[in-house]
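Worksheet: one structure, shown below.
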Amino acid sequence: MSKSRTGDPVAVGILGCGNVGGSLARMLLEDAAGVAERSGVRFELAGVAVADPTRERAGIPAGLITGDAMGLVRDRSVEVVVELIGGIDTALELVSAALAAGKPVVTANKALLAEHGRGLEALARASGVDLLYEAAVAGAIPLVRPLRESLAGESIHRVTGIVNGTTNFVLTMMSELGSSYEEALTEAKRLGMAEADPTADVEGFDAAAKAAILAGLAFHCDVKAADVQREGIASVRPLDIEFARRLGYVVKLLAVAERVDRPVPKAHMPAGAAPGEQATASAGAAPGEQATASAGAAPGEQATASAGEISVRVHPAMVPASHPLASVRGPFNAVFVEGAGCGDLMFYGQGAGGLPTASAVLGDLVDAAHHLRSAGASYIPERSPAVIHPPEDLWSAWYLSIDVVDRPGVLAAVATVFGDHGISIRSMEQVGLADEARLVFLTHMARQGSFMGTLEALKGIDAVEQIGGALRVLGDVP
Ligand SMILES: NC(=O)c1ccc[n+]([C@@H]2O[C@H](COP(=O)([O-])OP(=O)(O)OC[C@H]3O[C@@H](n4cnc5c(N)ncnc54)[C@H](OP(=O)(O)O)[C@@H]3O)[C@@H](O)[C@H]2O)c1
């Protein structure tokens, strides 16, 4: 540690030499003087750990490559460890060992943080060292540091993000070129924007891990990926995107983390709401009903109400064309933060790619090196267990398209099902299709459980041929 305080080079060990690790290693080797001039820190690359040390790595001397990642972590000359391997088990072992040895860690590993963030932060706090992860959410976009530092005292009530470039590229192609989901995904793969197995992206797992991290940062609570309500984009159809466009909306896969204490208009309470029942977003909860504690709560640990109830979810949604997130196209990411004092903020940029992500990692590395020099570390707030609001009690407006047999009385039967579930229809459009008709509804604010009940009941009507797209509408709809 004394070495770095004197202004000597800071020795870095990089774990992983793939897209991000390789880019970072080359930045440190090829632009060492530039980085030193701009940041005030001279870095010395002590080693790069990989799975296959026999493979040649462009631009990286073979002498720096090692197959012994734990050996590099334990190497006494290595002062800062950068974890860019990915996955959970090996990364957890290596990062824990580094932190326990009093070495700051920089990582881009969302899966690791969404599963073990709280424990690793406790370890970093106990060792008095940094655990920095700017690149874990939205790649190059400065987001984690603004949430952790610039907005540290802010009362944030909602974070809404487009945090997965693959799905945003696919939805943009479907919206702008009328491509089918399959065509758009094939093109994304061809351009290297989707993995051969795109499940983690299209099913929302990647976005869910990022949503968990964002919720933890915004609300100082412990949210795991498994706590995130998740829906992917595979069921989004071009015709729903086209209807959305005609209604003034763009379809996006959103990651949302929000406090659930917004009032719901009394006019849109379910028909059966008991007199005196609170008109809040949690109106569906029975009086005295306990908020569910997240799986993150340690045994015997009380889910405190200090953080309040939150909802963390990933799903496709209709975004009003006038909303700043609607203009985020192709593989770009953006995160919209709403706070009591700061108002609305939007962070936009490249959410992935080796070089953009390595740029975010380098920023953390500079911070970690400066902290080493001053024998300090970033403040890591304690996190309380998350209190996750029951998804069925969330309120939003909905879009629904259904195909029905075109005969008298069908519309009345469908409308009765909505009414029976306390769902108020805001607008309806009917499109003729030979013997069938497509009915497109926009509802007023409705409880998720009631809307899902409506879908189930509609399936039981003979004249309903197919339930099509069902999409939440972003924002409060009158
Ligand atoms: N790529 C992006 O755009 C992006 C964006 C944001 C965040 N991230 C995150 O950044 C991290 C790295 O992503 P990436 O795209 O760079 O991954 P990648 O290209 O798959 O590279 C992974 C690297 O880890 C090495 N590795 C695997 N197992 C190892 C082990 N047991 N010991 C030592 N090295 C091992 C691999 O070695 P070999 O080279 O020998 O196979 C490879 O060099 C992930 O956590 C990812 O989620 C990536």
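Among the listed residues 166, 160, 199, which satisfies the condition of being away from the ligand (no atom under 14 Å from the Cβ) and within 29 Å of residue 321 (Cβ to Cβ)?
Exactly one residue qualifies, and that residue is 160.
Look at residue 130 and say whether it is among the charged types (D, E, K, R) and in contact (Cβ under 8 Å) with a residue 40 or more places away in the chain.
yes
Quick check on region 399-408. Is at least one of its residues surrounded by fewer than 17 Cβ atoms within 10 Å (Cβ to Cβ) and not in a loop (DSSP other than H, G, I, E, B)?
Yes, region 399-408 contains a residue that is surrounded by fewer than 17 Cβ atoms within 10 Å (Cβ to Cβ) and not in a loop (DSSP other than H, G, I, E, B).
Taking interchain pairs and intrachain pairs at least six residues apart, which have beta carbon atoms under 6 angstrom, with the first residue in region 408-426 and closer than 22 Å to residue 473 by Cα and the second of a type in the set (A, V, I, L, M) and assigned to a helix (DSSP H, G or I)?
So the pair list comes out as 417/457; 417/458.
Per-residue answers, yes or no, for (1) over 19 Å from residue 362 (Cα atoms); (2) in a strand (DSSP E or B):
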{"site": "38", "(1), (2)": "no, no"}
{"site": "44", "(1), (2)": "no, yes"}
{"site": "47", "(1), (2)": "no, yes"}
{"site": "60", "(1), (2)": "no, no"}
{"site": "63", "(1), (2)": "yes, no"}
{"site": "78", "(1), (2)": "no, no"}
{"site": "98", "(1), (2)": "no, no"}
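Which residue pairs have Cβ atoms closer than 7 Å, lie 6 or more positions apart in sequence or on different chains, and pair a first residue in region 18-46 that is over 19 Å from residue 372 (Cβ atoms) with a second residue that is surrounded by fewer than 17 Cβ atoms within 10 Å (Cβ to Cβ) and of a type outside the set (Val, Ile, Thr)?
Every condition considered, the pairs that remain are 23/355; 26/59; 29/59; 30/59.
Show the residue pairs meeting these rules: Cβ distance below 8 Å; 6+ apart or different chains; first residue within region 140-161 and within 15 Å of residue 213 (Cα to Cα); second residue among the basic types (Lys, Arg) and part of a helix (DSSP H, G or I).
Matching pairs, first to second residue: 161/210.
Cβ-Cβ below 7 Å, separation at least six or inter-chain, first residue in region 86-97 and assigned by TED's automatic domain parsing to the domain that holds residue 111 and under 19 Å from residue 122 (Cβ atoms), second acidic (Asp, Glu) and more than 8 Å from the ligand (Cβ to nearest atom): which pairs?
Pairs that qualify, where the first residue is assigned by TED's automatic domain parsing to the domain that holds residue 111 and under 19 Å from residue 122 (Cβ atoms) and the partner is acidic (Asp, Glu) and more than 8 Å from the ligand (Cβ to nearest atom), are 88/115.
Of the residues 56, 121, only one is charged (D, E, K, R) and in a helix (DSSP H, G or I); which?
Criteria check complete, one pass: 121.
Run down 259, 246 and say which single residue is more than 17 Å from residue 475 (Cβ to Cβ), at pLDDT 50 or above and in the same structural domain as residue 330 (by TED's automatic domain parsing).
After ruling out the rest, the residue left standing is 246.
If you take the residues of region 159-185 that are touching a Pro at 6+ places or on another chain (Cβ under 8 Å) and part of a helix (DSSP H, G or I), which of them is surrounded by the most Cβ atoms within 10 Å (Cβ to Cβ)?
168
The values are calculated or read from the model by the stated rules, or taken from the named source; none is laboratory data. Being a predicted model, the structure only gives us computed values, none of them experimental. Heads up, the Cβs are rebuilt from the backbone with ideal geometry, glycines too, and the neighbour counts pull from every protein chain shown.
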